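Nothing in this text is a laboratory measurement; each read-out follows from the coordinates by a stated rule. This structure is a prediction, so every number in the text was calculated from the model and none was measured. Using ideal geometry, Cβ is built from the backbone for each residue, glycine included, and neighbour counts are taken over all protein chains shown.
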Amino acid sequence: MPEHYAFAKPPEDCASIEDICHGIDVLDRDIVRLIGERSRYAKAAVRFKKSEAGVRAPERQRAMLQERRRWAEQENLSPDAIEKLFEGLSDYFISREMDYWKDAR
C-alpha cells in the first residue's frame with residue numbers, strides 16, 4: 001500500500017472532497033485486508049469440520065447474521081443492509097470452505 005494511504009483525517013476534520021475520498025479509500029483498503037484475514041480463518045476452519053453439513057452450518061450462519069444485525073443497530077446502520085452484506089460474504093466463504101473441504105478428503 002502506498003505510504004500516503006496509511007492515514008486519513010477523521011471525517012469531521014476533512015476540508016475537501018479529496019480528504020473524504022482519501023478517507024474512504026483508506027477504510028476500504030482496510031476492509032479488503034480484513035476480508036483476506038477472514039478468508040484465512042475460513043480455510044483453517046476446514047480442519048475441524050467433519051462433513052458437508054458441518055461446513056454449511058446453517059444454525060451457525062443464522063446466529064452469526066443475527067449478531068451482525070445487532071452490531072449494525074449499535075452503529076446506527078441498517079440491519080437489513082448489513083445482514084445482506086454478511087450473507088453475501090458468508091455464502092462466498094462457505095463455497096470456498098466447501099472446495100477446501102472436498103480437496104482435503
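Some values worked out for this structure:
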| quantity | calculated |
| --- | --- |
| Computed magnitude of the charge dipole of segment 17-70 (debye, nearest 20; Cβ of K, R +1, Cβ of D, E -1) | 700 |
| Relative contact order (%) - criterion: Cα under 8 Å, at least six apart; region: the chain | 26 |
| Charge-dipole axis of the chain as Lys and Arg at +1 and Asp and Glu at -1 on Cβ define it, positive-most pick from Val32, Met64, Pro11 | Met64 |
| In nm, spacing of pseudo-spin labels at Asp13 and Tyr92 (7 Å Cα→C-beta vector) | 3.1 |
| Dipole magnitude (debye, nearest 20) for the chain, charges at Cβ of Lys, Arg, Asp, Glu | 1020 |
| Extension gain (nm, one decimal) between Ala44 and Gln66, 0.36 nm per residue minus Cα-Cα | 5.6 nm |
| Cβ-defined net charge surrounding Ala42, 9 Å radius [Lys, Arg +1; Asp, Glu -1] | +3 |
| Distance (nanometres) between label positions extended 7 Å along Cα→Cβ at Glu75 and Ile31 | 0.8 |
| Reachable lysines, given that their alpha-carbon falls under 22 Å from the alpha-carbon of Lys50 and they are not under 8 places away in the same chain | Lys102 |
| The chain: Rg to Rh, with Rh as the Kirkwood radius over Cα pairs | 1.09 |
